[in-house]
Amino acid sequence: MFTIPTVPKILLIVIVIGVVWWWHRRNQIKARERAELDRGNPAGRASAKAKNSPAKPIEDMAQCRVCGAYVPAVGATNCGKERCPF
Ligand SMILES: [Zn+2]
């Protein structure tokens, strides 16, 4: 029933998989750019190209006086450990 595929068939399969992968990747990039433009980010295209851009904005951190753990300076009331009053 199954025979060993010939080289042209293997090449065809590899090309088909490559085209499907490339098409999927292109759609992902377009969807991300559209989402960033919807969020009102005028630099959406530029930041989509930048590989090392942080996903979230950078937050100021505060150090716990007892254990030294860093927590967000805004919003956090303690470091999350019971023994630390902060
Ligand atoms: Zn602490």
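Bear in mind these aren't lab numbers, they're just calculated from the coordinates by the rules spelled out. This structure is a prediction, so every number in the text was calculated from the model and none was measured. As a convention, Cβ positions derive from the backbone with ideal geometry for all residues, glycine included, and neighbour counts pool all protein chains shown.
Per-structure values
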{"item": "For segment 68-82, 3J(HN,Hα) per residue [Karplus equation, 6.51 cos²θ - 1.76 cosθ + 1.60, θ = phi - 60°, Hz, x = Gly/Pro]", "result": "x, 6, 9, 10, x, 5, 9, x, 7, 9, 8, 7, x, 9, 5"}
{"item": "Estimated FRET transfer efficiency (Arg25, Ala76; beta-carbon r; R0 41 Å; 0.05)", "result": "0.60"}
{"item": "Pairwise label distance in nanometres, Arg83 with Arg34, each label 7 Å out on the Cα-Cβ vector", "result": "5.3"}
